[in-house]
Amino acid sequence: MKRINPLSLAVTALFFTALSGAACATNISIAAEISRASIAFEEKDTLIVSLTWDGNPFQYQIDDFPIPAMEKFKILGSSSQVASRPDPARPGGEVTVRTFRYILEPTDFGTGVIDPLNLTAINRTTNDKQELKTGRLTVEIAKPRPVRKSSSPITMVVISVGIVFVLGAAVFVVLQKRAARRRQAANEPEEKSYVEALSDVKKETVADGKLFYSRLYRLLLQYMEKERNLPVSGKTGEEILALVGQMEDGQAKTALNKWLTRALEVKYRPDPPAPAEIEDAYAAVKVFFESKVYKR
């Protein structure tokens, strides 16, 4: 009878244990919940979809921002954020959660339905695709509250006078604010709006480098069309770069060509840019917007 080498058994066990750990480290799960199961017609509700996986924020790629199909609801706004934290108990030593939030407004009363949401997650390490699906959610929406009507002529007169007074005060306040904005605009450079927009891009893209470059690309096109009078609307990336090449301002031409080219490369590249590259690009574009090199 052939004897089995104990060392071989140990090596084999370790091999399969490593494979099992790798499978867990690349696992991703999805969950969906609604903030309230019943609301008044005049209220808002929140849908939260969470993706959780072991590993860093760049472990998985979610190509499209998911838009759920629903009945008796419409989406007022949406947002996305990514957060990770160390967790020695997890196979990768780190757990990441990506959250999508949707603000919902009722369009009718009765049972509101949020259909299952389908997502495709791509593991950037193995290139494996995993299909994810949420469950079907329902919300009970109450009937709209009845609008009270007043039949008293005196009451109607009082209300009308009050409305005229309020409207007059509102118009006065609006005119005062406009005048203040004009005075402020005379003392502040117009470029400040681009710096603020760039800061918003940085905050809203968090750790998603591909999304950062996509938003930066749109901001640069807005700047070129408004400040440089370049007809970029409806043009391809190659056509836009050709327009940049015709600019007389050499410093601005070089900078815009560099950032636009990089944004187009990142869009079609499977791997996301490194966080350090995002920080460098953000700092360089911010200096560009704060400087006077692009003044016409």
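The values are calculated or read from the model by the stated rules, or taken from the named source; none is laboratory data. Fair warning: this is a prediction, and the values are worked out from it, not measured in the lab. Glycine gets a Cβ as well: all are built from the backbone with ideal geometry, and neighbour counts include every protein chain shown.
Counting residues in the stretch 253-261 that are in contact with a Lys or Arg (Cβ under 6 Å, 6 or more places away or on another chain), of a type in the set (Ser, Thr, Tyr) and part of a helix (DSSP H, G or I) gives zero.
Condition (residue is over 27 Å from Arg136 (Cβ atoms) and of a type in the set (S, T, N, Q)) applied to the stretch 60-83: is it met by at least one residue? No; the residues of the stretch 60-83 include none that is over 27 Å from Arg136 (Cβ atoms) and of a type in the set (S, T, N, Q). When we screen Leu119, Leu137, Leu132, Leu219 for residues that are at pLDDT 90 or above, surrounded by 10 or more Cβ atoms within 10 Å (Cβ to Cβ), of a type outside the set (Ser, Thr, Tyr) and under 20 Å from the mean Cα position of the chain (by Cα), the only hit is Leu132. For Ala18, the test of being modelled with pLDDT under 55, of a type in the set (Gly, Ala, Ser) and either part of a helix (DSSP H, G or I) or surrounded by 10 or more Cβ atoms within 10 Å (Cβ to Cβ) (or both) is passed.
Go through the stretch 39-50 and give me each residue that's of a type outside the set (D, E, K, R), surrounded by 16 or more Cβ atoms within 10 Å (Cβ to Cβ) and in a strand (DSSP E or B).
Taking the stretch 39-50 and keeping what is of a type outside the set (D, E, K, R), we get 39-41, 46-50.
Retained after the next criterion (residues that are surrounded by 16 or more Cβ atoms within 10 Å (Cβ to Cβ)): 39, 41, 47, 49.
Residues satisfying the conditions are Ile39, Leu47, Val49.
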